[in-house]
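K.L.:
Below: one structure in structure tokens.
The values are calculated or read from the model by the stated rules, or taken from the named source; none is laboratory data. Computed from a predicted model, the values in this text were never measured in an experiment. Please note: Cβ atoms are built from the backbone with ideal geometry, for glycine as well, and neighbour counts cover all protein chains shown. SASA here: full protein model, heavy atoms, side chains in, ligands and nucleic acids out. Shrake-Rupley method; radii C 1.70, N 1.55, O 1.52, S 1.80 Å.
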Amino acid sequence: MKVHITDLKPGDLLKEDTFSNRGILILSKGAELQEDDINKLLLHGVDYVDIEGPAQLAPSAPSVIQTVTKQFDQTIEGFESLYLEALTKGSFNQTMVDDILNPLLNSLDQNKDVVSLLLLLDRDDDYTYIHSLQVGMLTYYIAFWLGYSKKECYEISRAGYLLDIGKCRIPAAILKKPGKLTPEEFQEIQRHTTYGYEIILNSMSDHSTALVALQHHEREDGSGYPSNLVKDEIHPYAQIAAVADVYSAMTTSRVYQSKRELIGVLRELHNLGFGKLNGKSVQAFIQHLMPNFIGKRVLLSTGDMGVIILNNTTDVFRPLVQSGGRFIDLSRERNLAIVEIYMD
């Protein structure tokens, strides 16, 4: 049973040998963990280990997944209600936003495997609704990883959840057009930032949340919209939201785009952290997300199935995979690639 390091208890038995990110053996299979052993794992940056789980813990996994899935469903349905209310009234009920988000964010504190949460969100619901949930979730984690207070993490997550509310004013024929947009249509799509800014200010007295809707497509080099802002001109909350927004957009299916493999998108995000997106937010996201891929099943470009067992320090985006009894170092075998990632 794979367990996050912070959930280990003295007396747990290691199911497999445990290695550091540098490939150094830390503890051997069968070791009975003590406090000093758990601290040693923490010092070496280990995030997850396999243990011989107590029988009473085994049934809890499905219930956790069911609980989170139910919360996802409720959050998506809630955003649809907010979206339709904003469309008809030009505003939404802030209390409803808090009622929707609070249960979700409380559960996120208990779920450290962000990759599994993203895989649970691989579904065919309306893109805008799924995207809003993903961005709200990812901004919460990024803010936490950057050291923001609990209150600030909530505010940033709420802003991320609402950043696309302005799309309710975009005609569906443009928003869901499968082909290339005309210049005029693209200009209208870009207006969702100003529409969102106006709707949020009509709904709540929180200028920071409104600025996130306005600025989440700004880029540090001035190439974004609507105001071509640069670096510190962009609100810090919007800088965080932009990272979550880009990652979610690139990994979610849309009418004109198939979903893309999560680790490959992280590499592109890494590159965007040099000039386009805020570097600190990008690095915090990558550093905390990558360990979550260890233990995940993958489909390789050869058609073979495998399991990610180690992140490479030389090329973190091309991990070590075990497949069919052999180890494949993707940092060396450049002709191979991960095509799909699955739940454990």
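K.L.:
Mind listing which GluC sites (Glu not before Pro) in segment 240-344 are in a DSSP loop and have 13 or fewer other Cβ atoms within 10 Å?
P.N.:
Passing sites in segment 240-344 are E333.
K.L.:
Further question: What pairs in K167/K280; K2/K296; K15/K296 have C-alpha atoms more than 19 Å from each other?
P.N.:
Over 19 Å Cα-Cα: K167/K280.
K.L.:
I would also like to ask the following. Using only C-alpha atoms and all pairs of different ones, pull out the Kirkwood radius for segment 92-232 in Å with one decimal.
P.N.:
16.1 Å
K.L.:
What range in the chain is the longest one free of trypsin sites (Lys or Arg not before Pro) that are in a loop by DSSP and have at most 10 other Cβ atoms within 10 angstrom?
P.N.:
With a cap of 10 other Cβ atoms within 10 Å, the longest stretch comes to 23-179.
K.L.:
Need one word for segment 282-344: rounded, prolate or oblate. Basis is the Cα gyration tensor (sqrt eigenvalues a ≥ b ≥ c); a/c below 1.5 gives rounded, then a/b vs b/c decides.
P.N.:
Because a/c hits 1.5 or more and a/b exceeds b/c, segment 282-344 counts as prolate.
K.L.:
Once label points are set 7 Å from the Cα along Cα→Cβ at both T302 and S20, what is their separation, rounded to one decimal in nm?
P.N.:
The two pseudo-label positions are separated by 3.1 nm.
K.L.:
Related question: At most 13 other Cβ atoms within 10 Å and a DSSP loop assignment: could you name the GluC sites (Glu not before Pro) in segment 181-260 that fit?
P.N.:
none
K.L.:
Would you mind computing the Rg to Rh ratio of segment 194-344 from its alpha-carbon coordinates, Kirkwood style for Rh?
P.N.:
Over the Cα atoms of segment 194-344, Rg/Rh equals 1.08.
K.L.:
Can you check what the net charge comes to around T139, using other residues whose Cβ is under 13 Å from the Cβ of T139 (Lys, Arg +1; Asp, Glu -1)?
P.N.:
-3
K.L.:
Give me the percent of the accessible area of the chain that comes from carbon and sulfur atoms, probe 1.4 Å, all protein chains in place.
P.N.:
Ligands and nucleic acids excluded, carbon and sulfur give 52 percent.
K.L.:
Looking only at segment 91-108, which residues have a backbone nitrogen under 20 Å from a spot 7 Å from the Cα of S149 in the C-beta direction?
P.N.:
It comes to 98, 102, 105-106, nothing else.
K.L.:
Could you grab the relative contact order for the chain? Cα pairs under 8 Å, six or more apart, rounded to a whole percent.
P.N.:
Dividing the mean separation by the residue count of the chain yields 12 percent.
K.L.:
What angle do you read, to the nearest 10 degrees and between 0 and 90, between the alpha-carbon axis of helix 192-203 and the longest principal axis of the chain?
P.N.:
Taking Cα atoms only, the helix is inclined about 80 degrees.
K.L.:
Accessible area per residue, 1.4 Å probe, Å², for the chain: what's the number?
P.N.:
On a per-residue basis, the chain sits at 47 Å².
K.L.:
Putting +1 on Lys and Arg Cβ atoms and -1 on Asp and Glu Cβ atoms, find which of L181, I130, L104 reaches farthest to the positive end of the dipole of segment 86-185.
P.N.:
L181
K.L.:
Could you tell me how many degrees, from 0 to 90 and to the nearest 10, lie between the Cα long axis of helix 262-272 and the main elongation axis, the longest principal axis, of the Cα atoms of the chain?
P.N.:
Between helix and principal axis, roughly 60 degrees.
K.L.:
Still on this structure, I have one more. Which one, V46, H207, V243, is farthest towards the positive end of the dipole of the chain when Lys and Arg carry +1 and Asp and Glu -1 on their Cβ?
P.N.:
It is V243.
K.L.:
Taking the Cα atoms only, what angle lies between the long axis of helix 236-251 and the longest principal axis of the chain, rounded to 10 degrees?
P.N.:
Helix 236-251 and the main axis of the chain meet at about 70 degrees.
K.L.:
Continuing with this model, one more query. Can you give me the relative contact order of segment 198-278 as a percent, contacts being Cα pairs under 8 Å and 6 or more apart?
P.N.:
Relative contact order here is 25 percent.
K.L.:
Hey, another quick one. Computed from the mean reciprocal separation of all distinct C-alpha pairs, what Kirkwood hydrodynamic radius does segment 100-178 have, in Å?
P.N.:
13.5 Å
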